[in-house]
Amino acid sequence: MTTTEQRLAAIRGGVPARRHNARTIAALTGNPGCTRRAVLDGAGVDKPRLAERIGFPTRFGQSRFAISRGNAFEAQVKADGGAELLRLVAERLGVSPGGAATWTDLNADGLTQRHERSRELLTAADDPSPALFDHPLLSLEIAGQRVYLEPDLVAARLAGRYHVVEIKSFPVVDGQADPGKVAAAAIQSAVYVLALRELLAAAGHDPELVSADVVLICPRDFANQPVASLVDVRRQLLVLRRQLTRMDRLDALLARVPEDFTADPTAEPAALVAALGAVEAHYAPDCLAACELAFFCRHEARGHTAALGRPVREALGGVASVTEALALADGDHPGEPDQAEAAALLRAAARLRAEALAGRPT
């Protein structure tokens, strides 16, 4: 066991590492500058358990109703050997399916068998005909740990390319879907695209055969009729690769963490809070939708401008606390030389607020 592995085991408290999945990998890209999260995820710490132990339990996740609705919609879309699904995908891609595509359900075998069979079928070079693969099992290496991933479907060899197909139960109303949900689907799909590209590359094929255009299938206008959309995930792929590269450099991250740092979920809550406080965090409000420790980090960041979001933090560069920002706005504090731009912005905002309040009817 290497020194790095020993440190990671000590950070976990000696318990087995919690395995990632596509959702947790996608969530890594939400705050790439957060050392605390990168170290905890790199070590495989059970963050929901840790958050509960320190008194800030996780408050997000899919409801049972949403999961059941999603499963029902996926089963409907995949019915009859994927005939309607093939038509939707081919029509959206603007290609001819070239007749009926073969349908292969890869959801039945055990983990090792599924992964091997998925690899063999997806990389087969002697069959140019279109094919649909239901729940193939892909994999990625995250911080030295092999993670298995399961896209809803892969459409192979349509016009010579591979496309990841994701089926989601959120509606497309008048041609528009919830931007936040589409963004979440895009980064999760990028994880599958990256894993599929690595699979083809390892087999000696061109990884660019896997399109960066993901096919997203959703219900139209709250009905059960499916509609297909294309989502370009090239930007998400760049962000994902950058963060995974950072995770692979765990030695550099660990060098910024106290040697005795531990997130052992059996430790006393006060000791855990103190330990977490010694590791740099990078809280932003959108962490609340992606990280299990977000409520703790928000509490910790209270009174700091960082808690107001990235746009505020960037606009007020060099102004760390809300108290200091208010003093600069009132002119009570001259500020440091590097705060001149932020101070001018704050004073202008204070003047505008005063003028607005002065003109407000009583």
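Considering only segment 27-79, state which residues are charged (D, E, K, R) and touching a strand residue (DSSP E or B) at 6+ places or on another chain (Cβ under 6 Å). Once the filter is applied, which keeps residues that are charged (D, E, K, R) and touching a strand residue (DSSP E or B) at 6+ places or on another chain (Cβ under 6 Å), segment 27-79 yields only GLU74. Residues in segment 35-76 that are among the polar types (S, T, N, Q), surrounded by 15 or more Cβ atoms within 10 Å (Cβ to Cβ) and not in a helix (DSSP H, G or I): THR58 alone.
Tally up the residues in segment 114-131 that are out of contact with any helix residue (DSSP H, G or I) (no Cβ under 7 Å at 6 or more places or on another chain) and either in a loop (DSSP other than H, G, I, E, B) or under 25 Å from ARG87 (Cα atoms) (or both), please. Talk me through it step by step, then tell me what you get.
Step one: filter segment 114-131 for residues out of contact with any helix residue (DSSP H, G or I) (no Cβ under 7 Å at 6 or more places or on another chain), giving 114-118, 120-121, 124-131.
Retained after the next criterion (residues that are either in a loop (DSSP other than H, G, I, E, B) or under 25 Å from ARG87 (Cα atoms) (or both)): 118, 121, 124-131.
Qualifying residue count for the region: 10.
The set of residues in segment 46-94 that are among the charged types (D, E, K, R), farther than 20 Å from VAL227 by Cβ and touching a residue at least 24 places away in the same chain (Cβ under 8 Å) comprises ASP46, LYS47, ARG49, ARG53, ARG59.
Can you confirm whether ALA184 is under 17 Å from the mean Cα position of the chain (by Cα), modelled with pLDDT under 90 and closer than 22 Å to ASP41 by Cβ? Answer is yes for this residue. Restricting the search to strands (runs of 3 or more DSSP E) fully inside segment 132-227 and requiring at least 2 residues that are touching a residue at least 24 places away in the same chain (Cβ under 8 Å) and over 24 Å from ARG87 (Cα atoms) gives 138-142, 145-149.
Against the numbered list (1) assigned to a helix (DSSP H, G or I); (2) at pLDDT 90 or above; (3) in contact with a helix residue (DSSP H, G or I) (Cβ under 8 Å, 6 or more places away or on another chain); (4) over 27 Å from GLY204 (Cα atoms), LEU85 comes up short only at (2).
All but one of (1) open to solvent by 40 Å² or more (accessible area, probe 1.4 Å); (2) closer than 24 Å to LYS181 by Cα hold for LEU88, so report the exception by its number. That leaves (1) as the condition not met.
From LEU121, LEU153, grab the single residue that is under 27 Å from ARG23 (Cα atoms) and touching an Asp or Glu at 6+ places or on another chain (Cβ under 7 Å).
Details: LEU121 fails: touching an Asp or Glu at 6+ places or on another chain (Cβ under 7 Å).
Among LEU121, LEU153, only LEU153 is under 27 Å from ARG23 (Cα atoms) and touching an Asp or Glu at 6+ places or on another chain (Cβ under 7 Å).
Considering the conditions (1) modelled with pLDDT under 90; (2) open to solvent by less than 20 Å² (accessible area, probe 1.4 Å); (3) part of a helix (DSSP H, G or I); (4) not hydroxyl-bearing (Ser, Thr, Tyr), VAL239 is excluded by exactly one of them, (2). Which residue is most open to solvent (accessible area, probe 1.4 Å), if the candidates are limited to segment 117-174 and must be over 19 Å from LEU194 (Cα atoms) and β-branched (Val, Ile, Thr)? Among those residues, the one meeting the criterion is VAL173.
Using the structure shown, decide if ALA201 is out of contact with any Ser or Thr (no Cβ under 7 Å at 6 or more places or on another chain), open to solvent by less than 40 Å² (accessible area, probe 1.4 Å) and closer than 26 Å to VAL95 by Cβ. Give the derivation first.
Numbers: out of contact with any Ser or Thr (no Cβ under 7 Å at 6 or more places or on another chain): yes; open to solvent by less than 40 Å² (accessible area, probe 1.4 Å): no; closer than 26 Å to VAL95 by Cβ: yes.
No: the conditions fail for ALA201.
Search segment 222-236 for residues being open to solvent by less than 70 Å² (accessible area, probe 1.4 Å) and in contact with a strand residue (DSSP E or B) (Cβ under 9 Å, 6 or more places away or on another chain), and hand back the single one that is nearest to ARG69 (Cα to Cα). So, considering only residues that are open to solvent by less than 70 Å² (accessible area, probe 1.4 Å) and in contact with a strand residue (DSSP E or B) (Cβ under 9 Å, 6 or more places away or on another chain), the one nearest to ARG69 (Cα to Cα) is PRO226.
Taking segment 242-273 as the search range and keeping residues that are assigned to a loop (DSSP other than H, G, I, E, B) and of a type in the set (Ser, Thr, Tyr), which one is surrounded by the most Cβ atoms within 10 Å (Cβ to Cβ)? Talk me through it step by step, then tell me what you get.
Our first condition is that a residue be assigned to a loop (DSSP other than H, G, I, E, B); within segment 242-273, this holds for 249, 255-268.
Among the residues that remain, those that are also of a type in the set (Ser, Thr, Tyr) are: 262, 266.
Numbers: THR262: 19, THR266: 10.
Checking each candidate, the answer is THR262.
The residue list PRO265, PRO258 contains one member that is free of Cβ contacts under 8 Å to residues at least 60 places away in the same chain and either under 30 Å from ARG12 (Cα atoms) or under 22 Å from the mean Cα position of the chain (by Cα) (or both), which is PRO258.
Only one of PRO32, PRO16 is exposed (fewer than 15 other Cβ atoms within 10 Å of the Cβ) and assigned to a loop (DSSP other than H, G, I, E, B). Can you tell me which?
Values: PRO32 fails: exposed (fewer than 15 other Cβ atoms within 10 Å of the Cβ).
Unique residue meeting the criteria: PRO16.
The values are calculated or read from the model by the stated rules, or taken from the named source; none is laboratory data. Worth saying up front: this structure is predicted, and the values here are computed from it rather than measured. As a convention, Cβ positions derive from the backbone with ideal geometry for all residues, glycine included, and neighbour counts pool all protein chains shown. The protein model used for the area step is the full one, side chains on, heavy atoms only, and it has no ligands, DNA or RNA in it. Shrake-Rupley method; radii C 1.70, N 1.55, O 1.52, S 1.80 Å.
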